[in-house]
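Questions regarding the structure given below will be posed in turn.
The values are calculated or read from the model by the stated rules, or taken from the named source; none is laboratory data. This one's a predicted model, so the numbers in the text were calculated from it and none came from an experiment. Glycine also receives a Cβ, built like all others from the backbone with ideal geometry; neighbour counts cover every protein chain displayed. Side chains included, ligands, DNA and RNA excluded: accessible areas come from the protein's heavy atoms. Shrake-Rupley method; radii C 1.70, N 1.55, O 1.52, S 1.80 Å.
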Amino acid sequence: MSEPSVMYEASGGVATITLNRPRVLNALNLALSAELAQAAEAAARDAGVWVVVVRGAGRAFCSGMDRTVLSAGDIGEAFFRNWIRALNCLEDMDKLVLGVLHGYSIGGGLQLAVACDVRLATTDAVLGLGATRHGLIPDGSILRLARLVGIGRAKELTLLNDHVTPEAARAMGLVNWVVTPSEIDGAIAGIVDKAFHSSRTATGHAKRLLHESFHRDPRDLIEEMVRAQNECMTSWEMDEANRAWDERRDARFYPPPAHS
C-alpha cells in the first residue's frame, strides 16, 4: 500500500497537515490535491482543533506543480477543483492556519502558503511563483496576493516569476516571521501558544470580517460586526477573559472547559 500524499494528525488542539511526496519535493498532483482538501475539511470540522499547521515532509515545503504529470496531460479540472476547495477551506475555517515554509516553497507551494492566515519561513526557504512561465495562472494566489503585498509587488511576483529571499518576503509582508531551521519547532510552539490565548469565537469572526472588508464597503458590514461582537460577548471565552482579568492572569482558551 502506497503512503498517503498528505498526512493528517490532530493532537493537543493542533492539527498538522503535512504534504508527503518528499521524493519530488512535495510536487502537486491529483491525489495530493484531493487529500489536501480532505485534510483541510477534517481540520475545519474538528471542534478540538484550534490551530492548523501546514508543512512539507523532507527537504522542501512544496515545489509546485508536478511538471512531469502536467507534461503528460494528467492535470485537469479535477485537480484545480480540489486545489481551490482545499485553499478556500484553509482560508475560511474559524481557526488560525499557519504555513511553515522551508526549502523550495515555490509555485503552488507559495500559493498554498498565501491561503494560510500567517506564514513562518526558514532562512533556507526559496520563494516564488512561476505559473505564468509554465502557461498557467497561479490560481491559488491570484485572488489573494495583492491584498498581502500590494498590486505592484503582486504583479512582479506573478508576471516576472522572480524568486525572493525570506528576508525580502518578510519586508514586503509575504511572510510574517523568518527563523533558522534549528529554531523552527520553537517558533511554531510560540505561535500556537499565542493562538491558545486568543478566543476562537473571536478569531473566526475576525478572519471572516477581515476577508469581507476587501469585498464590501466596510460600513455595510457594521450590523454584521455588531452581531459578531454580541456572539463574542455572550461566549464562554468572554467569561474566561473576565475571570482572568479579575485574577490578574493571562486568559487561556485552550483547552476549553468541558461544558463549552
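Working carefully through the options PRO22, PRO4, find the one that is of a type outside the set (A, V, I, L, M), more than 25 Å from GLY204 (Cα to Cα), open to solvent by 30 Å² or more (accessible area, probe 1.4 Å) and in contact with a Gly (Cβ under 7 Å, 6 or more places away or on another chain). Quick ask: steps written out before the conclusion?
Details: PRO4 fails: in contact with a Gly (Cβ under 7 Å, 6 or more places away or on another chain).
Residue meeting the stated conditions: PRO22.
Shifting gears a bit: Report, by residue number, each residue of segment 127-161 that is free of Cβ contacts under 8 Å to residues at least 40 places away in the same chain, open to solvent by 30 Å² or more (accessible area, probe 1.4 Å) and hydrophobic (A, V, I, L, M, F, W, C).
Passing the criteria: ILE137, ILE142, LEU143, ALA146, LEU148, ILE151, LEU159, LEU160.
So for segment 214-235 (the condition being under 24 Å from the mean Cα position of the chain (by Cα), in contact (Cβ under 8 Å) with a residue 60 or more places away in the chain, closer than 30 Å to GLY107 by Cβ and open to solvent by less than 100 Å² (accessible area, probe 1.4 Å)), does at least one residue qualify?
no
Report yes if some residue within segment 108-126 is touching a residue at least 12 places away in the same chain (Cβ under 8 Å), assigned to a loop (DSSP other than H, G, I, E, B) and crowded, with 24+ Cβ neighbours inside 10 Å; otherwise report no. Steps first, answer last, please.
Step one: of segment 108-126, the residues touching a residue at least 12 places away in the same chain (Cβ under 8 Å) are 108-126.
The next check asks that each one be assigned to a loop (DSSP other than H, G, I, E, B); those that pass are 116-117, 123-125.
Add one more test, that the residue is crowded, with 24+ Cβ neighbours inside 10 Å, and what stays is 125.
Yes, there is a match, as at least one residue in segment 108-126 is touching a residue at least 12 places away in the same chain (Cβ under 8 Å), assigned to a loop (DSSP other than H, G, I, E, B) and crowded, with 24+ Cβ neighbours inside 10 Å.
Follow-up. Within segment 66-91, how many residues turn out to be buried (at least 20 other Cβ atoms within 10 Å of the Cβ) and in a helix (DSSP H, G or I)?
Of the residues in that region, 7 qualify.
When the residues of segment 63-114 are narrowed to those that are β-branched (Val, Ile, Thr) and farther than 30 Å from LYS194 by Cβ, which ends up nearest to the chain's Cα centre (by Cα)?
ILE75
Can you say whether SER63 is within 16 Å of VAL175 (Cα to Cα), in contact with a helix residue (DSSP H, G or I) (Cβ under 9 Å, 6 or more places away or on another chain) and among the polar types (S, T, N, Q), as far as the supplied structure shows? So that I can check it myself, show each step before the final result.
Details: within 16 Å of VAL175 (Cα to Cα): no; in contact with a helix residue (DSSP H, G or I) (Cβ under 9 Å, 6 or more places away or on another chain): yes; among the polar types (S, T, N, Q): yes.
No; evaluated as a whole, the condition is false for this residue.
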